[in-house]
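Below is one structure, written out as structure tokens; comments come after it.
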Amino acid sequence: MAETRGPTIDPANPATMRLVIAASCAGTVFEWYDFFIYGTLGPILSKAFFPAGNPVVATLVFWLVFAVGFGFRPVGAALFGYLGDRLGRKYTFLITVLLMGVATAGVGLVPAASQIGLFAPVLVIGLRIVQGLALGGEYGGAVVYVAEHAAPERRGFYTSFIQASVMGGFVLSLIVVLICKGIMPVAVWAAWGWRVPFLMSLALLAVSLWMRLKLSESPVFKAMQDEGGLAGNPLKESLTYPGNRRRLFLALFGISAGGSVIWYTAMFSGLAFLKSAMRVDDTTAEVLVGVACLFGMPLNVLFGWVADRFGRTLPFVGGYVATLLLLFPAAWLIGVSANPALVAMAARAPVVVAGPDCHYDPFATDQKTACGRLLGDLSALGVRYRVEFAAQTVLRAGSLVMPAQADAHGDAVHAEKAARQAALGAALARVGYDLGKTKPALAGMIGVVAGLVLTMALSAATYGPQAVILAEMFPARIRYSSMSIPYHIGVGYFGGFLPFISSLIVAQSGNPYAGLWYTWVVVAIALPIAAVGLRHARLPAAA
């Protein structure tokens, strides 16, 4: 089956290429703004829509629902990939951006659980599913559209703007949230002001639709259409096209899975780590991550250029190797810079919980044993701890020796739990632990930004060239479907469940850095697959 070739945009006419990139990136920024708003406002949304007696439970349920949107991305990839290969690139990603805007605005209109009970989380889950379906079709459409306009020697550079614009959506979400918080009284923001960023998506939707309506169809797709070379059933051909199963395996496990967990670690885990374990003031943490993103965005474009100059394999595989070596040091730099006093206390007077039955169930409203309740209270306070076996349940931290409350019961009401946690926090404060929110000094802020930029650089090395690798891996007649499905399975399941799995590991272990092992292991598995696959896989000539 011959590869269908079509014309490319004349590099001597950069204005047309700028329009293609700008329109594609504008929609991508908008769609990811919508998706990130949900993650950025996690603490507020978890209380509004998923209330629970245990704050750890509320957080885990929130991240689980967050992952639901990712879980439906492969379904959206299959649906819109089919439409994109059969009906065209342009109109397919017009539909995806429309769905995303409507679903996001809908989240801002859902009443709180205190008003409509279980209907609130049900409605939010439904809207998250729509968001996931839309994102499943958006990314592939934008990448394919830009790639099919670009000259081969510039394709890595041009498609890397799509990668950078995803981070731009995250920055935009932070900016909007910070502005809204800054102009609203605290009580107004907590009561209903947090809904404004969701509703603003309607204005962004109008701009994105206007820009994309100005585009014409991809020249490669038009050539296939004129020659009668469109796939009859793109989904079926994705599995039957010669050598495509091997390419799908490489795209899923070698490229998407590993690249996705690095990216979500850099973007989501850093912000959550600062706000919770490091006790950094929420607004300060958001500003620091936003500043780091401004440095991180051009790194994606840089590595896209590197992929054009030195080949697709070098930056991608090199990014995996660098991640395995530098992921934990980057996280430690962030931690020690963000709250050096807390880090020093954890080293000088580590919290040890000893007892005969120190099992912690992160899904329980309250723990069944005295030792479990101590672990639950420490997790809620964001305090690092380690567990030892002992005949009697006791907490030790420096000079503090605190026996567990024997009269605390598993069905304790929330007020009792709050009082218990307040007493625990006060006891730890007496030996030097400051669990209040903090703002790092200037040197600390610089260190935090440096650590965050390092993790973003690790991500950019793989994420920057990822789009061109996937676009060039598959033949044009089934490109939209073949690249979208493995990409969104990798992103949806390996990346989308990362916040939930990492939070669960941290809650179980008491170590705020332990969640990084999930990223590390996935990358370690993806590395040999990518190294061998990208070097030896026989890829078709790209249109």
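A short reminder: the numbers here are calculations on the coordinates, not readings from a lab. The structure presented is a predicted model; accordingly, all values stated were derived computationally and were not measured. Backbone-built Cβ (ideal geometry, glycine too); neighbour counts: all protein chains shown.
Given H placed 1.01 Å from N in the peptide plane, which residues other than close sequence neighbours of Thr438 have an amide H under 5 Å from its amide H?
Val280, Asp281
On a 0 to 90 degree scale, rounded to 10, what angle separates helix 89-109 from the longest Cα axis of the chain?
Helix 89-109 sits roughly 20 degrees off the main axis of the chain.
Which Cα, out of Ala418, Pro219, Leu109, lies furthest along the positive dipole direction of the chain (beta carbon charges, K/R +1, D/E -1)?
Pro219
May I ask you to evaluate 6.51 cos²θ - 1.76 cosθ + 1.60, the Karplus curve with θ = phi - 60°, for each residue of the range 180-193 and list the ³J(HN,Hα) values in order in whole Hz, giving x for glycine and proline?
4, 5, x, 9, 9, x, 4, 5, 5, 4, 5, 6, 8, x
Could you let me know the centre-to-centre spacing of the range 334-356 and the range 83-131, using Cα atoms, in angstrom?
Result: 42 Å between the Cα centres.
Spelling out what I want: for every residue of the range 320-329, take phi, set θ = phi - 60°, compute 6.51 cos²θ - 1.76 cosθ + 1.60 (Karplus), and round to whole Hz; glycine and proline get x.
Running phi through 6.51 cos²θ - 1.76 cosθ + 1.60 with θ = phi - 60° gives 4, 4, 4, 5, 4, 8, 10, 4, 5, x Hz.
Placing unit charges on C-beta atoms (Lys and Arg positive, Asp and Glu negative, everything else neutral), compute the dipole magnitude of the range 315-395 about its Cα centre in debye, rounded to 20. Let's see the in-between values first.
Details: 5 positive and 5 negative charges, 42 e Å.
Taking the Cα centre of the range 315-395 as origin, the dipole is about 200 debye.
Between Asp357 and Arg246, what is 0.36 nm times their sequence separation minus the Cα-Cα distance? Round to one decimal in nm. Don't skip to the answer; put the middle values down first.
Values: separation 111, 0.36 × 111 = 39.96 nm, distance 4.84 nm.
In short, 35.1 nm is gained.
Set Lys and Arg Cβ to +1 and Asp and Glu Cβ to -1, take the dipole of the chain about its Cα centre, and tell me which of Ile21, Ala346, Gly436 lies farthest positive.
Checking the options against the dipole of the chain, the answer is Ile21.
Roughly what would the spin-label model give for Asp281 and Leu239, points 7 Å off Cα along C-beta, in nm?
So the label points at Asp281 and Leu239 sit 5.6 nm apart.
Provide, for q = 0.06, 0.07, 0.13 Å⁻¹, the log10 of I(q)/I(0) from a solvent-free Debye sum over equal Cα point scatterers in the chain.
These q points yield log10 I(q)/I(0) values of -0.30, -0.41, -1.25.
Evaluate the charge dipole of the range 264-320 about its Cα centre and quote only its size in Debye, nearest 20, assuming +1 on the Cβ of each Lys and Arg and -1 on the Cβ of each Asp and Glu. Walk me through the numbers before you get to the answer.
Working: 4 positive and 4 negative charges, 43 e Å.
Charge dipole of the range 264-320: 200 debye, to the nearest 20.
Each residue of the range 125-131 in order: what ³J(HN,Hα) in whole Hz does its phi give by Karplus 6.51 cos²θ - 1.76 cosθ + 1.60, θ = phi - 60°, with x for Gly and Pro?
After applying 6.51 cos²θ - 1.76 cosθ + 1.60, I find 4, x, 5, 5, 5, 4, 4 Hz.
Using 7 Å Cα-to-Cβ label points, what is the Ala419/Ala524 separation (nm, one decimal)?
Computed distance between label sites Ala419 and Ala524 equals 4.7 nm.
Multiply the residue separation of Ile116 and Leu314 by 0.36 nm, subtract the distance between their alpha-carbon atoms, and state the gained length in nm to one decimal. Don't skip to the answer; put the middle values down first.
Values: separation 198, 0.36 × 198 = 71.28 nm, distance 5.34 nm.
That works out to 65.9 nm of additional length.
Gap in Å between the Cα centre of the range 444-513 and the Cα centre of the range 232-298?
Here the two parts' Cα centres lie 2 Å apart.
What is the magnitude of the charge dipole of the chain about its Cα centre, with +1 placed on the Cβ of each Lys and Arg, -1 on the Cβ of each Asp and Glu, and no other charges, expressed in debye to the nearest 20?
Numbers: 38 positive and 26 negative charges, 98 e Å.
With only Lys, Arg, Asp and Glu charged at Cβ, the dipole is about 460 debye.
For Leu325 and Ala347, compute 0.36 nm times the residue count separating them, minus their Cα-Cα distance, and round to one decimal in nm. Working shown, then result.
On the way: separation 22, 0.36 × 22 = 7.92 nm, distance 2.35 nm.
5.6 nm is the gain from fully extending Leu325 to Ala347.
Which one, Ser46, Ala530, His359, projects farthest toward the positive side of the charge dipole computed for the chain from Cβ point charges (K/R +1, D/E -1)?
Ala530
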